[in-house]
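Right, one structure below, let's go through it.
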Amino acid sequence: MTPTLPRQAPAPESAAKPVEDRRHVIRRRWLTAIIIVLLIGVPAGYLAISAEQSRSSGRDKAAKAAATQVRAGWPSRVQRSIYEVPVPDRAWSVRFYETNNWRTSRLYVAFTVTHADLDTFLAETGTSRAALKPGVTVGGKDATVAGWKFPADRTWQGTTHEQPDPRPTQDITVDFTDPNSARVYVVSTATP
């Protein structure tokens, strides 16, 4: 007996693929490029932006933590709320510094305002211009910590706005030397 070989299937008549026209090739390549950009480029760009924002945030936090005196800038809304220091929106030359320990926390804020904004600030703090008495109410130790100087040749008025715990107590000193504006110095002390 002769062995039988398996039969081979006949070749299909249209075995050759049709040639793509140039327009179809270009469209397919563009579609592939767009998909690659969407799947790889966008997430990579997002990661690069996120990493830079994270680094910037870390630098800002490190700068705040390393500060040893008041520095230019606004205290955060949370800090202003906790220490009850409503810095007016139109204030300028705003500077602040925060200290914390297990017994007390303090926010030191200095800013310049118009006389109308000063009245608004005092009212929002819970006091008024009538409560201001001649002299400086910010203590010497607090002035040293903040790096503030209160020379005798200026017109100083101040008040201490005491509140029951756990609300903060504010020592407010105002420099009225400039007739067009007032420089305000606040030390708000919170005792947890």
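Residue by residue through segment 129-144, note down the ones that are open to solvent by less than 50 Å² (accessible area, probe 1.4 Å) and either among the small types (Gly, Ala, Ser) or out of contact with any Ser or Thr (no Cβ under 6 Å at 6 or more places or on another chain) (or both).
Within segment 129-144, Ala131, Gly135, Gly139, Asp142, Ala143 qualify.
Would you check which residues across segment 71-95 are assigned to a loop (DSSP other than H, G, I, E, B), touching a residue at least 40 places away in the same chain (Cβ under 8 Å) and open to solvent by 20 Å² or more (accessible area, probe 1.4 Å) and list them?
Glu84
Where in segment 96-192 are there strands (runs of 3 or more DSSP E), lying fully within it, with 3 or more residues that are over 28 Å from the mean Cα position of the chain (by Cα), farther than 19 Å from Ala72 by Cβ and without any contact (Cβ under 8 Å) to a residue 40 or more places away in the chain?
Counting at least 3 such residues, we get 156-161.
Out of Val19, Val42, which single residue is in a helix (DSSP H, G or I), at pLDDT 65 or above and either open to solvent by 70 Å² or more (accessible area, probe 1.4 Å) or within 30 Å of Val186 (Cβ to Cβ) (or both)?
Val42
The values are calculated or read from the model by the stated rules, or taken from the named source; none is laboratory data. Everything quoted here is computed from the prediction, not taken from an experiment. Neighbour counts run over all protein chains shown; Cβ positions are idealised from the backbone, glycine included. Ligands, DNA and RNA are excluded from the accessible area calculation, which covers all protein heavy atoms including side chains. Shrake-Rupley method; radii C 1.70, N 1.55, O 1.52, S 1.80 Å.
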